[in-house]
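The structure under discussion appears below in the form of structure tokens.
The values are calculated or read from the model by the stated rules, or taken from the named source; none is laboratory data. Owing to the predicted nature of the structure, the values given are computational and were not obtained by experimental measurement. Note: ideal-geometry Cβ built from the backbone for every residue, glycine included; neighbour counts use all protein chains shown.
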């Protein structure tokens with residue numbers, strides 16, 4: 001029985017949380033901690049910490065974690081599938097609709113407005129991450145080194161992530 | 001079959017290094033699909049990022065699924081989904097098992113202390129690259145500034161920014177084509 005409530009809960013999280021990342025946290029916390037009590041408050045804080053050490057969207061991470069500790073590997077797979085399935089169908093449907101109706105003036109107009117807005121959204125994300133991640137001279141230096149590596153030396157972003165991790169180890173252990 | 005396997009490997013690699021959410025992933029995708037494979041353009045990514053942001057669900061997953069669709073249709077989107085999600089599925093199960101043992105290993109924490117500021121640089125790179133295909137018209141510049149101010153100063157949810165800007169774009173386009181008729 002329990003596995004169905006895990007599935008339904010993560011279907012809900014996947015379908016009703018917008019904006020990704022930390023914007024989804026309150027919705028996830030409500031379902032997982034307050035309503036279903038699968039995790040305690042402090043376990044939830046732990047999983048947020050785990051998320052920072054593991055790749056992928058935080059909602060996917062929480063789904064995998066809760067599914068796994070409640071019902072093992074099958075639980076992890078089912079919960080993870082539930083959290084992504086709704087958006088998978090929405091994205092593919094919208095993608096096919098847009099591809100077919102690219103030239104329709106309404107859609108053309110909508111994209112004229114949205115494209116520059118996305119630049120604004122990404123810049124805003126950059127600013128807000130700047131204020132939370134650049135906290136001292138060391139993190140500022142790392143950001144600058146990576147910026148130069150990316151722009152000047154065209155370092156691959158994956159290489160940049162690994163490089164920055166080692167810079168973190170070096171800088172913060174002195 | 002081999003094409004799908006190749007696509008899966010690319011998305012798996014992207015999924016394995018997506019720290020810091022959907023926007024951080026954009027820089028990796030641009031590198032793989034615009035520079036290396038040359039199957040998508042910068043302005044494709046603008047549309048993809050816009051849609052990924054306006055639908056529910058994790059932005060990183062939405063972005064991958066859309067990119068997969070653009071490259072290889074429905075099957076491509078399924079391959080993209082699997083490739084993106086599997087690395088985090090595997091890592092979380094490993095971490096869930098060993099978390100209390102590794103929680104306090106200082107080196108790992110220091111590693112991620114270094115990664116966090118680098119994500120800012122990655123997103124900055126993406127923003128610069130994505131703004132290139134956008135013409136520097138008054139209309140475009142005002143939309144960029146308005147949406148930036150809307151989020152940073154007025155704290156409006158990104159979803160509403162997208163809806164508002166879509167409406168403005170639609171009205172502006174209609175007005176322009178009307179003017180063009182006369």
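Looking at A:169, A:145, which one is on the phi < 0 side of the Ramachandran plot, more than 7 Å from every other protein chain (Cβ to nearest Cβ) and either touching a helix residue (DSSP H, G or I) at 6+ places or on another chain (Cβ under 7 Å) or part of a loop (DSSP other than H, G, I, E, B) (or both)?
Details: A:169 fails: more than 7 Å from every other protein chain (Cβ to nearest Cβ).
None of the other options fit; the residue is A:145.
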Note to self: So residue B:104 passes all but one of these: (1) at pLDDT below 90; (2) in contact with a helix residue (DSSP H, G or I) (Cβ under 7 Å, 6 or more places away or on another chain). Which condition number does it fail?
What the structure shows: (2)
Check: What pairs can you find where one residue is in the range B:41-57 and on the phi > 0 side of the Ramachandran plot, the other is in a loop (DSSP other than H, G, I, E, B), and their Cβ atoms are less than 9 Å apart, with a gap of 6+ or different chains?
Finding: B:57/A:17; B:57/A:20; B:57/A:57
Margin query: Being modelled with pLDDT of 85 or more and facing chain A (nearest Cβ under 8 Å) is the filter here; which residues of the range B:150-162 pass it?
Written below: B:150, B:151, B:152, B:161, B:162
Margin query: Please verify whether residue B:44 is under 17 Å from the mean Cα position of the chain (by Cα), surrounded by fewer than 24 Cβ atoms within 10 Å (Cβ to Cβ) and more than 9 Å from every other protein chain (Cβ to nearest Cβ), treating the condition exactly as stated.
Written below: yes
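Considering only the range A:132-142, state which residues are more than 14 Å from residue B:124 (Cβ to Cβ) and either part of a helix (DSSP H, G or I) or within 7 Å of chain B (Cβ to nearest Cβ) (or both). Outline the logic, then answer.
Filtering the range A:132-142 for residues more than 14 Å from residue B:124 (Cβ to Cβ) gives A:132, A:135-139, A:141.
Scanning the range A:132-142 gives A:132, A:137, A:138, A:139, A:141.
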Note to self: So residue B:28 ticks every box in (1) modelled with pLDDT of 85 or more; (2) more than 7 Å from chain A (Cβ to nearest Cβ); (3) not in a loop (DSSP other than H, G, I, E, B) but one. Which box is left unticked?
What the structure shows: (2)
